[in-house]
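Here the structure comes first, spelled out in structure tokens, and everything after it is commentary.
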Amino acid sequence: MNGSARPVGTNGSARPAAAPTVGKGGAATPVARSPLPTRQRRPGYAALGALLVLGLGGGFGYLYSTAGEKVPVVVVAQPVAVGQVIERSDLSTVDVAGDITAIAGANLHSVVGQRAAVALLPHTLLQRSMVTDVDPMPAGQVQVGVAVKGGQLPADGLVPGDRVQVLALPSGQQQSGPGGDAGKPVVLVDAATVYAAHPDPVQAGGTLLTLLVPAADGPAVAAASASASAALVKVPAS
């Protein structure tokens with residue numbers, strides 16, 4: 001072997017190298033070789049691929065930018081009982097992302113002065129259906145203020161919307177109520193609704209409540225509160 005490469009035929013046998021052509025003057029003229037086949041480019045596919053890349057990039061960019069976009073909405077900051085007038089201190093705003101149904105933070109003041117159509121609890125996103133400009137207090141009901149001491153209501157306290165039974169506790173000078181026995185509580189209202197509840201700023205451990213009771217029972221409940229004999233028992237909602 002002399003180290004030079006010899007062309008190989010299709011059947012694996014070596015082909016003789018093509019002899020150079022001798023031109024005028026005895027100079028050898030190189031033999032022209034056929035060019036290797038090249039891959040054919042298709043401009044249409046290349047353009048389509050570029051458009052797909054740009055489209056996907058734009059789509060992911062939009063999703064990324066909107067995923068973190070937040071808007072302020074109105075949220076309840078303090079409990080508000082059914083029918084109670086909503087004050088500015090009862091509301092706040094919070095930034096949320098996504099498709100949320102709630103009153104926009106820019107419209108917060110449009111809610112102040114309206115009444116709660118349902119019991120509003122803290123951290124609830126406020127919707128228009130939750131407020132009204134009509135007093136929803138049922139006909140035939142009255143609001144009665146009741147002051148109770150610790151031990152005369154459930155230990156966990158009461159919140160607006162709770163249903164309670166109102167009792168009058170016996171005292172040393174108190175006689176039994178109609179149909180009752182001496183020394184036993186008298187049921188004043190079978191089922192009243194807590195309209196509002198706040199800590200008593202004067203009496204430590206006490207609670208100030210506003211109850212919705214039938215109009216006929218209002219005086220008896222007010223009298224029990226005045227004599228510090230009112231007690232409340234939480235009952236099922238229905």
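State all residues of segment 87-139 that are part of a loop (DSSP other than H, G, I, E, B), of a type in the set (A, V, I, L, M) and open to solvent by less than 50 Å² (accessible area, probe 1.4 Å); if no residue qualifies, say none.
To start, the set of residues in segment 87-139 that are part of a loop (DSSP other than H, G, I, E, B) comprises 87, 98-103, 111-114, 117-119, 121-124, 126-127, 133-139.
Retained after the next criterion (residues that are of a type in the set (A, V, I, L, M)): 100, 102-103, 111-112, 117-119, 121, 126, 134, 137, 139.
Correct list: ALA102, ILE103, VAL111, ALA117, ALA119, LEU126.
Among (1) modelled with pLDDT under 90; (2) assigned to a strand (DSSP E or B); (3) not small (Gly, Ala, Ser), which single condition is GLN175 missing?
The single condition GLN175 does not satisfy is (2).
Considering only residues that are part of a strand (DSSP E or B), under 22 Å from PRO138 (Cβ atoms) and open to solvent by less than 40 Å² (accessible area, probe 1.4 Å), which ones fall in segment 211-234?
Residues satisfying the conditions are LEU211, LEU212, VAL213, ALA230, LEU232.
Pull out all pairs, ordered by first then second residue, where Cβ-Cβ is under 9 Å, the residues are six or more apart or on different chains, the first lies in segment 191-204 and is touching a residue at least 24 places away in the same chain (Cβ under 8 Å) and surrounded by fewer than 20 Cβ atoms within 10 Å (Cβ to Cβ), and the second is charged (D, E, K, R) and in a strand (DSSP E or B).
ALA191/ARG163
So, GLN152, is that one modelled with pLDDT of 90 or more, assigned to a loop (DSSP other than H, G, I, E, B), of a type outside the set (Ser, Thr, Tyr) and out of contact with any helix residue (DSSP H, G or I) (no Cβ under 8 Å at 6 or more places or on another chain) or not?
Numbers: modelled with pLDDT of 90 or more: yes; assigned to a loop (DSSP other than H, G, I, E, B): yes; of a type outside the set (Ser, Thr, Tyr): yes; out of contact with any helix residue (DSSP H, G or I) (no Cβ under 8 Å at 6 or more places or on another chain): yes.
For GLN152, the condition - modelled with pLDDT of 90 or more, assigned to a loop (DSSP other than H, G, I, E, B), of a type outside the set (Ser, Thr, Tyr) and out of contact with any helix residue (DSSP H, G or I) (no Cβ under 8 Å at 6 or more places or on another chain) - is met.
Return the total of residues in segment 143-159 being surrounded by 18 or more Cβ atoms within 10 Å (Cβ to Cβ) and without any contact (Cβ under 8 Å) to a residue 60 or more places away in the chain. Please lay out each step first, then the result.
Let us first name the residues in segment 143-159 that are surrounded by 18 or more Cβ atoms within 10 Å (Cβ to Cβ), namely 144, 146, 148, 152-153, 158.
The next check asks that each one be without any contact (Cβ under 8 Å) to a residue 60 or more places away in the chain; those that pass are none.
Total meeting the criteria: 0.
The values are calculated or read from the model by the stated rules, or taken from the named source; none is laboratory data. Given the structure is predicted, the values throughout are model-derived calculations rather than measurements. Don't worry about glycine lacking a Cβ; one is built from the backbone with ideal geometry, like all the others, and counts go over all protein chains shown. Heads up: the accessible areas ignore ligands, DNA and RNA and are worked out on the full protein's heavy atoms, side chains in. Shrake-Rupley method; radii C 1.70, N 1.55, O 1.52, S 1.80 Å.
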